[in-house]
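A short write-up of the structure that comes next.
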Number of protein chains: 2
Amino acid sequence: MSGDRRPIGIFDSGVGGLTVLVELRKRLPGESFIYFGDTGRVPYGIKGKETVTRYSIEIVNHLVVSHDVKALVVACNTASALAFSDLKKIYRIPLYDVVTPAVERALKATKNGRVGVIGTRSTISSGAYRDALRLRNGKVRVYQQACPLFVPLVEEGWVENEVTRMVASEYLSPLVAQRIDTLILGCTHYPFLIPVLKQFLGPSVQVIDSASSVAEEVASSLTSHGMKAKRRRGRVKYLVTDDPERFAEFARERVGEVVEEIERVSL
Amino acid sequence: MSGDRRPIGIFDSGVGGLTVLVELRKRLPGESFIYFGDTGRVPYGIKGKETVTRYSIEIVNHLVVSHDVKALVVACNTASALAFSDLKKIYRIPLYDVVTPAVERALKATKNGRVGVIGTRSTISSGAYRDALRLRNGKVRVYQQACPLFVPLVEEGWVENEVTRMVASEYLSPLVAQRIDTLILGCTHYPFLIPVLKQFLGPSVQVIDSASSVAEEVASSLTSHGMKAKRRRGRVKYLVTDDPERFAEFARERVGEVVEEIERVSL
């Protein structure tokens with residue numbers, strides 16, 4: 001028993017990436033993780049490329065230098081869309097983004113070649129999902145929709161009420177009118193809304209969640225690179241840039257994560 | 001013509017404080033202003049006291065040291081509620097917050113002594129408005145309500161649609177049930193929602209907007225301290241921590257401000 005026992009870094013603008021962490025731990029129980037939530041500067045989805053890239057680099061530097069992570073998952077869709085290509089140029093450790101695995105899964109899923117993508121304003125206006133889809137399949141038709149109210153609705157805990165249904169109908173109607181058969185949830189907060197989204201979309205549209213897609217990709221990549229830790233059970237340490245107690249409370253209430261080790265970091 | 005020609009600093013977590021700036025310029029056309037919008041870390045209303053205080057100090061230090069402001073207006077309700085008492089201990093220039101003037105106006109306005117306060121989650125849970133009201137009048141009854149979806153609705157531009165009316169009804173019904181006759185808008189974004197709020201509240205509830213309240217206070221205080229600039233027309237310079245173009249676009253579209261001089265600052 002040993003292998004590469006260094007932790008895997010995972011970062012998000014806030015709490016959304018917890019959905020990715022949960023999926024990763026299911027598939028990689030022997031790994032330790034350092035989860036970095038930039039709660040002091042959340043959200044990224046309304047901010048520009050230069051700002052999001054600067055924040056991402058500060059965070060990855062911290063995870064590499066102070067915590068010696070062996071690999072890094074960018075669990076934030078906005079950072080994946082805006083900063084990932086720059087991060088790839090900088091760092092030598094393996095990096096994983098949430099865009100690529102979801103795109104590959106969506107292309108396998110679609111039958112009519114009409115794929116919808118929803119995300120924050122910055123993710124959608126970056127065109128990262130659209131470009132990644134078209135790069136792999138020049139014939140696919142991509143329909144994008146920014147849904148800026150979904151994140152605050154999730155954070156307010158209004159995941160299944162009448163307001164949320166109306167907002168979902170407002171955002172998704174144009175995509176349904178385009179007869180999409182596959183919808184990529186391009187934001188890690190959105191899995192909390194799956195019941196409402198499925199209710200509106202009906203059974204003919206497949207919903208692709210980027211959290212489970214990236215977790216599968218990381219698990220198979222670590223295995224093939226011989227980089228897995230060989231231990232029974234890893235640990236999770238959390239780093240946040242705002243109040244640690246607020247974060248721990250959200251983690252417990254929304255994803256059932258019991259946060260034992262958490263620290264505030266000032267970048 | 002001269003007087004104290006140094007600029008007045010005004011800071012907000014983002015764009016909301018523009019409503020305060022507009023009111024200040026109406027009353028003080030001869031003053032120059034430096035508006036600092038912390039758009040790279042917006043919003044403050046979901047963040048804790050320690051984080052908001054640290055950001056506020058970084059910003060005021062910058063305005064005092066690099067821009068020699070003669071006075072400072074904390075145009076952000078969250079920063080006023082969480083950080084203002086610490087700022088008062090630190091700085092020697094006159095400081096103005098948005099809480100105090102709105103509280104004084106509400107106490108003059110109420111007839112039945114039942115006052116409602118709405119704001120972000122952090123502003124409401126700080127109890128700053130409630131405490132300031134009770135300090136001045138031990139008999140006043142205060143009913144508070146956090147309205148975390150109002151800011152994203154305003155930023156989405158959904159200021160008069162059906163979703164906004166439903167959200168307003170959800171948040172305001174408990175206050176109406178308490179028979180308030182005065183409502184303090186404890187967030188600088190909320191003036192954009194006044195039509196919807198008034199439609200729901202009806203004519204029996206007076207709405208107190210903190211932007212115009214603080215502007216009146218600053219104007220009369222500068223006059224009485226002999227600190228007014230004696231010139232015909234002042235200038236406005238904007239400093240932001242995210243994309244300057246996004247900020248200028250919002251300012252033009254929502255409050256009709258033409259932004260001529262704007263700079264990105266990294267704190």
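Just a few scattered comments:
- Exam field: A:Gln199 pseudo-label spacings to other copies (7 Å along Cα-Cβ), nanometres: 2.5
- Long-range HN-HN contacts of B:Tyr238 with modeled amide H, under 5 Å: B:Tyr35, B:Glu261, B:Ile262, B:Glu263
- For chain B, modelled as a GNM whose springs connect Cα atoms under 10 angstrom apart, the maximal fluctuation among B:Gly48, B:Gly202, B:Gly17 occurs at B:Gly202.
- Ordering B:Tyr143, A:Phe250, A:Ser220 by Cα displacement along the dipole of the protein assembly as shown toward the positive end leaves A:Ser220 in first place; charges were set at the Cβ atoms of Lys, Arg (+1) and Asp, Glu (-1).
- Longest site-free stretch - chain B; sites: GluC sites (Glu not before Pro), DSSP loop, at most 14 other Cβ within 10 Å: B:1-159
- Over the C-alpha atoms of the protein assembly as shown, the Rg to Rh ratio, Rh being the Kirkwood estimate, stands at 1.00.
- For B:Glu253, label point 7 Å along C-beta direction: distances to other copies, nm: 3.2
- By the beta-carbon count within 10 Å of each Cβ, the least crowded to most crowded order of B:Ser122, B:Ser85, fewest first, is B:Ser85, B:Ser122.
- Taking a Cβ cut-off of under 11 Å around B:Gly3, the surrounding Lys, Arg, Asp and Glu residues balance to a net charge of +4, with basic ones at +1 and acidic ones at -1.
- Note on A:Ile93 and A:Lys26: with the Förster distance fixed at 25 Å, the Cβ-Cβ geometry gives a FRET efficiency of about 0.65.
- Listed residues B:Lys70, B:Lys228, B:Lys89, most fluctuating in chain B (Gaussian network, C-alpha, under 10 Å): B:Lys89
- Based on every Cα atom in the range A:1-95, Rg and the maximum pairwise Cα distance Dmax equal 13.0, 45 Å.
- Legend: mean number of C-beta atoms from other chains within 10 angstrom of residue C-beta atoms, peptide B:39-48, equals 6.
- Between amide H atoms placed 1.01 Å from N, distances below 5 Å from A:Val207 occur with A:Leu183, all of them 5 or more places distant or on a separate chain.
- Rounded to the nearest 10 degrees, the inclination of helix B:49-67 to the longest alpha-carbon principal axis of chain B is 30 degrees.
- Between the range B:89-124 and the range A:136-177, the alpha-carbon center distance in angstrom: 37
- By the count of neighbouring beta-carbon atoms within 10 Å, fewest first, A:Lys237, B:Lys47 end up ordered A:Lys237, B:Lys47.
- In this entry, the range B:99-210 is assigned a mean projected area of 6.0 nm², taken as a quarter of its C-alpha convex hull surface.
- Within 10 Å of each Cβ in A:160-166, the average number of Cβ atoms from other chains: 3
- Pseudo-label separations to other copies for B:Ala109 - Cα-to-Cβ vector, 7 Å, nm: 4.9
- Within-12-Å neighbourhood charge of B:Gly48 [Cβ basis; K, R +1; D, E -1]: +1
- For chain B, the average shadow cast by the Cα convex hull is 13.5 nm², which is a quarter of the hull's surface.
Every read-out reported here was derived from the displayed coordinates using simple, explicitly stated rules and does not represent laboratory data. Source: prediction; values computed, not measured. Positions of Cβ are generated from backbone atoms using ideal geometry, with glycine treated the same way; all protein chains shown enter the neighbour counts.
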